[in-house]
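These notes concern the structure reproduced below.
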Amino acid sequence: MFSLTVDESRCNGAGVCKSVCPKGGKIWRIEPGRCVPHDTSWCLACAKCVSACPNGAITLRL
Ligand code: SF4
Ligand code: SF4
């Protein structure tokens, strides 16, 4: 089952994931100190966010 999750304990909220994501703000919402993949129906499963996250906070399961 598809899932895209963020480990909030590792997330710094700097938003690199949103910056590299081809769908950007359609998926990612940046809040103070954290980020939220609020609509993953847009996700292409490209894993760019997973690779780019400096803290290894994102998990993509297909
Ligand atoms: S790139 Fe990683 S640490 Fe940065 S906001 Fe996104 S999930 Fe959080
Ligand atoms: S896997 Fe790709 S499309 Fe999906 S949230 Fe990450 S960067 Fe965006």
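Nothing in this text is a laboratory measurement; each read-out follows from the coordinates by a stated rule. Because the structure is a prediction, the values reported are computed rather than measured. Methodologically, a virtual Cβ is constructed for each residue, glycine included, from the backbone with ideal geometry; neighbour enumeration extends over all protein chains shown.
Which residues among the range 2-37 fall inside the zone where the amide N is under 16 Å from a point 7 Å beyond the Cα of Arg61, along Cα→Cβ?
Taking a point 7 Å out along Cα→Cβ of Arg61, the residues of the range 2-37 whose backbone N falls under 16 Å are 2-8.
Explain nothing, just the number: dipole magnitude of the chain about its Cα centre with +1 on each Lys and Arg Cβ and -1 on each Asp and Glu Cβ, in debye rounded to the nearest 20.
160
What's the ranking of 2-14, 25-37 by average number of surrounding C-beta atoms within 10 Å, highest first?
25-37, 2-14
Please compute the net charge surrounding Asp39, taking Lys and Arg as +1 and Asp and Glu as -1 over other residues with Cβ under 10 Å from its Cβ.
Its environment carries a net charge of +3.
Counting alpha carbon pairs within less than 8 Å and at least 6 residues apart, what relative contact order, in whole percent, applies to the chain?
In percent, rounded to a whole number, it is 45.
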